[in-house]
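Participant: Sharing a structure here in structure tokens format.
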């Protein structure tokens, strides 16, 4: 553990601490039996714990460490809240599963970068501020889920279908993280426009199955989140918007990869597909 990036250990500690605080508060009534006092602990306790934790973090931590701790603690609280609602046998079950999927994704992005490529690590590695479009899409999915739950509650009762979305999220998440661990320092959240001296073309492991496994994982994870929520409209929207985003992103990225690695990348293109349906990337006609 001595060689592990300190930020990785810090983020894991505060994610776990916040999760534990919320779990103890949420499930205390279930374990001890409901009373008026325990009801207050269950629903007011998490909010008070979170405020207290943030006050302590603000007082004792500064700079980058504070920013990492607060984000990790927030995601931990979301995960624990999701875990609590996932135990319900009503429609709140699917909202709990969704909260767990979202929080784990954002936390694991930072944690994986901290382990594999700490030189590029920033608080942006949580990708909580990925883009305005990302949050517009998220809020849209929440609105659809809320409206459909209010007017058509039976739509949110197909738990077996929601669990298929969970499987998609798990598979997509695992594929993306395996890709990040395989690429290590060659992975970056941003398209690289300048070739670094230690940048090498990764073609082994999951990269022997598809050229962009991290994008494939994210693509199916994003669709899976909408299946979890049983959002028929956003499933289609997410699939289309994600496809267009990755089509454009892969084209831009491969233009630079070809300039970096030349014939080596062109040969790799011939052997391995992008991994995403109907996305070919840069096609160099007439290149032998």
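Participant: So if we plug the beta-carbon distance of residue 251 and residue 134 into 1/(1 + (r/R0)^6) with R0 = 22 Å, what FRET efficiency do we get, rounded to 0.05? If you can, show how the numbers build up before the last one.
Facilitator: On the way: r = 20 Å, r/R0 = 0.90.
Calculated value: 0.65.
Participant: Helix-only mean residue ellipticity at 222 nm, the chain, DSSP H runs n ≥ 4 weighted -39,500 (n - 2.57), per residue, nearest 500. What is it? Present the calculation step by step, with values, prior to reporting the outcome.
Facilitator: Numbers: 9 runs with 201 residues, N = 288.
So the calculated ellipticity at 222 nm is -24500 deg cm²/dmol.
Participant: Return a whole-number percent for the relative contact order of the stretch 43-189, with Cα pairs under 8 Å and 6 or more residues apart as the contact set. Don't jump to the answer; show the numbers that get you there.
Facilitator: Numbers: 99 pairs, mean separation 30.4, N = 147.
Dividing the mean separation by the residue count of the stretch 43-189 yields 21 percent.
Participant: Arrange the peptides 185-196, 65-76 so that the one whose residues have, on average, the most other Cβ atoms within 10 Å appears first. Before the final figure, lay out each step's value.
Facilitator: Numbers: 185-196: 13.0, 65-76: 21.8.
In descending order of packing, they fall as 65-76, 185-196.
Participant: Beyond 34 Å, what share of the Cα-Cα pairs of the chain is found? Please give it as a whole percent.
Facilitator: Values: 11672 of 41328 pairs.
Looking at the chain, the distances longer than 34 Å represent 28 percent of pairs.
Participant: Grab the beta carbon distance between residue 27 and residue 185, set R0 = 51 Å, and tell me the FRET efficiency rounded to 0.05.
Facilitator: Details: r = 41 Å, r/R0 = 0.80.
Efficiency at R0 = 51 Å is approximately 0.80.
Participant: With 10 angstrom as the radius, rank 210, 51 by how many other C-beta atoms surround their C-beta, starting from the fewest.
Facilitator: Details: 210 18, 51 10.
By the 10 Å Cβ count, ascending: 51, 210.
Participant: Between residue 159 and residue 124, what FRET efficiency comes out of the Förster formula 1/(1 + (r/R0)^6) with R0 = 41 Å and r the beta carbon distance, rounded to 0.05? Don't skip to the end; give the middle numbers.
Facilitator: Details: r = 35 Å, r/R0 = 0.86.
Once rounded, the FRET efficiency stands at 0.70.
Participant: Using alpha carbons only, how many degrees (0 to 90, rounded to 10) separate the axis of helix 213-228 from the longest principal axis of the chain?
Facilitator: The angle comes out at about 30 degrees.
Participant: Using only the alpha carbon atoms of the stretch 130-279, find the Kirkwood hydrodynamic radius as the inverse mean reciprocal pair distance, in angstroms to one decimal. Walk me through the numbers on the way to the answer.
Facilitator: Working: mean 1/r = 0.0595 Å⁻¹.
For the stretch 130-279, inverting the mean 1/r across all distinct Cα pairs yields 16.8 Å.
Participant: Please arrange 123, 113, 167 by counting, for each residue, the other beta carbons lying within 10 Å of its beta carbon, fewest first. Don't skip to the answer; put the middle values down first.
Facilitator: Working: 123 15, 113 25, 167 12.
Neighbour counts put them in this order, fewest first: 167, 123, 113.
Participant: Helix 232-261 sits at what angle to the longest principal axis of the chain, using alpha carbons and giving 0 to 90 degrees rounded to 10?
Facilitator: The two axes meet at around 40 degrees.
Participant: Treat the count of other C-beta atoms within 10 Å as a stand-in for reagent exposure and order 134, 98 from fewest to most.
Facilitator: Numbers: 134 15, 98 28.
By the 10 Å Cβ count, ascending, the order reads 134, 98.
The numbers here are math on the coordinates, done by the rules we state, and not lab data. Model, not experiment: these values are computed from the prediction. No Cβ is skipped: glycine too gets one built from the backbone with ideal geometry, and neighbour counts run over all protein chains shown.
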